[in-house]
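Below is one structure, written out as structure tokens; comments come after it.
The values are calculated or read from the model by the stated rules, or taken from the named source; none is laboratory data. These numbers come from a predicted model, not from an experiment. Because the Cβ atoms are built from the backbone with ideal geometry, glycine has one as well, and the counts that use them run over all protein chains shown.
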Amino acid sequence: MTAISTSFESKVHALIETIESVIIGKRTVIERVLTALLAGGHVLLEDVPGTGKTMLSRTLATAIGGEFRRIQMTPDLLPQDITGMYVYNPERRTFELRQGPLVANIVLADELNRATPRTQSALLEAMAEGQVTIEGVRHVLPQPFFVLATQNPIESEGTFPLPEAERDRFMMRLRIGYPEREQEIDMLRRFRMSDPIHALSPVLSLDDLVAMQEQVRQVIIQPEVEAYIVDLSRRTREDDRIAIGVSPRGTLALAKAAQAYAWLMGRTYVIPDDVKTLFMDVMEHRVVLTTEALLRDDPQMVLKEILERCPVPVEDVQ
């Protein structure tokens, strides 16, 4: 495999700069979201309201020239409200498919944990299989297909906690966080007169993005790094403080994310530092601590210890 092409490299830089023109001071979050997108995964944004989750989704969709749909998850939302349904046309005397908001390239599922388990399951099928089932008929979703789901970590009233199986479908869980003081001042100046997103135009095409995803899949992971990824996952299953460790799906998610991150950094091979950089974002939402461990620890602390104690490959992994 050759290194990232000059044309793709310039487009990636342009994409990041375009998103940064709206989402100020959050370069790390932007890189993580693009990593998940390039790896074919999905992202759970968990943060308080008003930190830019919706704006990030809209900006990303505009920058890649993709179709964007926002779904406000509520308890009364039915599965067919998001997947679509067949509606009778009295003029033609036939049932016609009315597509739901899941049929898009970038889908924002806002406040996912307010939807009922049935509706969450419909989203789960779309994320896992890239398809929706409407009255027994399978419909393939457009590619690329990327879900950004949000949930408020503070409010719990009227919510349905995401089950482990659904959390496991998200490649990463991210927190945007509050901006720094100077960044917030800059944001005030940019947004006071107009919304910067209205001035944006696509910097790459959907075909470009699909081609980038194909290149990412060709990024090399040497056996030593593969073993390192597996060892990290296995240690979460062997730790007495963890009731539910990382699944094989989580192991694969970390490997795919490392490939995408390496490619984003301009390399055609994964190094251990790529794995270490992404470990917390990919793994934290997948583990469940025991009741006893929750009294004194949190998942982040336990995973940091595992990461520090697991031997890192030192051979040349290029």
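Please count how many residues of the stretch 117-133 are surrounded by fewer than 16 Cβ atoms within 10 Å (Cβ to Cβ) and not in a helix (DSSP H, G or I).
Here the count works out to 3.
Would you check if Glu166 is touching a residue at least 12 places away in the same chain (Cβ under 8 Å), closer than 18 Å to Val43 by Cβ and not small (Gly, Ala, Ser)?
Yes, satisfied.
Could you check, for the stretch 102-114, whether at least one of its residues is buried (at least 18 other Cβ atoms within 10 Å of the Cβ), assigned to a helix (DSSP H, G or I) and of a type in the set (Val, Ile, Thr)?
No, there is no match, as no residue in the stretch 102-114 is buried (at least 18 other Cβ atoms within 10 Å of the Cβ), assigned to a helix (DSSP H, G or I) and of a type in the set (Val, Ile, Thr).
Taking into account only those residues within the stretch 178-201 that are of a type in the set (Gly, Ala, Ser) and assigned to a loop (DSSP other than H, G, I, E, B), which is farthest from Pro49 (Cα to Cα)?
For the stretch 178-201, the residue satisfying everything is Ser201.
Within the stretch 117-128, which residues are modelled with pLDDT of 90 or more and out of contact with any helix residue (DSSP H, G or I) (no Cβ under 8 Å at 6 or more places or on another chain)?
Across the stretch 117-128, the qualifying residue is only Met127.
So, in the stretch 191-201, exactly how many residues are more than 25 Å from the chain's Cα centre (by Cα) and surrounded by 14 or more Cβ atoms within 10 Å (Cβ to Cβ)?
Looking only at that region, the number is 1.
Is at least one residue of the stretch 49-61 surrounded by 18 or more Cβ atoms within 10 Å (Cβ to Cβ), in contact with a Pro (Cβ under 9 Å, 6 or more places away or on another chain), under 30 Å from Glu182 (Cα atoms) and of a type in the set (D, E, K, R)?
Within the stretch 49-61 (the criterion being surrounded by 18 or more Cβ atoms within 10 Å (Cβ to Cβ), in contact with a Pro (Cβ under 9 Å, 6 or more places away or on another chain), under 30 Å from Glu182 (Cα atoms) and of a type in the set (D, E, K, R)), the answer is no, since none of the residues qualifies.
I'm checking my understanding of the structure. Among residues of the stretch 147-182 that are of a type in the set (S, T, N, Q) and surrounded by 13 or more Cβ atoms within 10 Å (Cβ to Cβ), which one is modelled with the highest pLDDT?
Among them, the one singled out is Thr150.
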